[in-house]
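Reading through the structure tokens given below for one structure.
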Amino acid sequence: MPTFDSRDPTEPAFWSERFEQRFMPWDRGGVPAALQQFVAAARKPLVTLIPGCGLGHEVAYLSEAGWDVTAIDFSPAAVAAARRALGAWAERVVQSDFFSFVPPQPLGLIYERAFLCALPRRIWPAVAARWAELLPPGGLLAGFFYFDDKTSGPPFGTSAAELDMLLTPHFDCIEDAPVADSIAVFVGKERWKIWRKKA
Ligand SMILES: C[S@@+](CC[C@H](N)C(=O)[O-])C[C@H]1O[C@@H](n2cnc3c(N)ncnc32)[C@H](O)[C@@H]1O
């Protein structure tokens, strides 16, 4: 286990240290099956934002499927590593803070994986409010939500009731399914969920 100076996951330095030391237990190294099924079932490509993209494996997948995707991360080390890995799609990764990023065009989808759970729970109302601000009515928030009650993190987990309380002021949940291909840190503790922005 490497040692780290930064202890605050709301700071880019926390994440940069971990990317630089290649300590990324959250990284899936590929694209989860639920996202692949979602893309296959979509009637049309959606303009997509991936906040806190890390290595951004989904960027190549969505781009190759013809989707307009922008991935953002506030850690320079994450952005550099993602761009190195993405080759032709590198320019789709932008160094930016989720709370101030303004998408160049209206979004149809925000993809969530290991971003909410990367941040302390006190930040979550701001995350939910920004998700809601970024999506038009009918826009989708789809991805993986982590359920756990341990107080330390990251990852910081939630409960079904707490997540509903956080999101139902802005969104309706339209899909909720177990995940069969979780990596070790999330196994048995994450669900694939799709939330639709209310009118
Ligand atoms: C646990 S990692 C998950 C990375 C990626 N989503 C994945 O599934 O592998 C969390 C990421 O969120 C990024 N992050 C945290 N807060 C952020 C913010 N306010 N704006 C942009 N990125 C942020 C971190 O730099 C880190 O790369």
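Couple of notes before you dig in:
- Among residues of region 66-119, those that are among the acidic types (Asp, Glu), closer than 26 Å to LYS44 by Cβ and near the ligand (Cβ under 9 Å from one of its atoms), counted: 1
- Failed criterion for PHE19 (all others in (1) among the aromatic types (Phe, Trp, Tyr); (2) more than 23 Å from GLY108 (Cβ to Cβ); (3) more than 9 Å from the ligand (Cβ to nearest atom) hold): (3)
- Selection count where residues are farther than 23 Å from ILE183 by Cβ, of a type outside the set (Gly, Ala, Ser), surrounded by 12 or more Cβ atoms within 10 Å (Cβ to Cβ) and without any contact (Cβ under 8 Å) to a residue 60 or more places away in the chain, scope region 1-29: 1
Results for (1) under 25 Å from PHE186 (Cα atoms); (2) in contact with a Phe, Trp or Tyr (Cβ under 8 Å, 6 or more places away or on another chain); (3) buried (at least 21 other Cβ atoms within 10 Å of the Cβ), shown as yes or no for each residue.
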position	(1), (2), (3)
ALA85	yes, no, no
ARG92	no, no, yes
SER96	no, yes, no
SER100	no, no, no
LEU109	yes, no, yes
ARG113	yes, yes, yes
CYS117	yes, yes, yes
ARG122	yes, no, no
PRO125	yes, no, no
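- Selection within region 59-74 - in contact with a strand residue (DSSP E or B) (Cβ under 8 Å, 6 or more places away or on another chain) and hydroxyl-bearing (Ser, Thr, Tyr): SER63, THR70
- Among all residues of region 56-67, there is at least one that is surrounded by fewer than 21 Cβ atoms within 10 Å (Cβ to Cβ), in contact with a helix residue (DSSP H, G or I) (Cβ under 9 Å, 6 or more places away or on another chain) and either among the hydroxyl-bearing types (Ser, Thr, Tyr) or more than 22 Å from ILE110 (Cβ to Cβ) (or both).
- PRO45 in a loop (DSSP other than H, G, I, E, B), more than 16 Å from VAL79 (Cβ to Cβ), at pLDDT 95 or above and of a type outside the set (S, T, N, Q): yes
- Taking the criterion of being buried (at least 18 other Cβ atoms within 10 Å of the Cβ) and touching a Cys at 6+ places or on another chain (Cβ under 8 Å), the residues of region 159-195 that qualify are LEU167, LYS193, ILE194, TRP195.
- Among residues of region 30-62, those that are within 12 Å of the ligand (Cβ to nearest atom), more than 20 Å from TRP131 (Cα to Cα) and without any contact (Cβ under 8 Å) to a residue 60 or more places away in the chain, counted: 4
The values are calculated or read from the model by the stated rules, or taken from the named source; none is laboratory data. All figures in this text were calculated on a predicted structure; none of them were measured in a lab. Every residue, glycine as well, gets a Cβ built from its backbone with ideal geometry; the counts of neighbours run over all protein chains shown.
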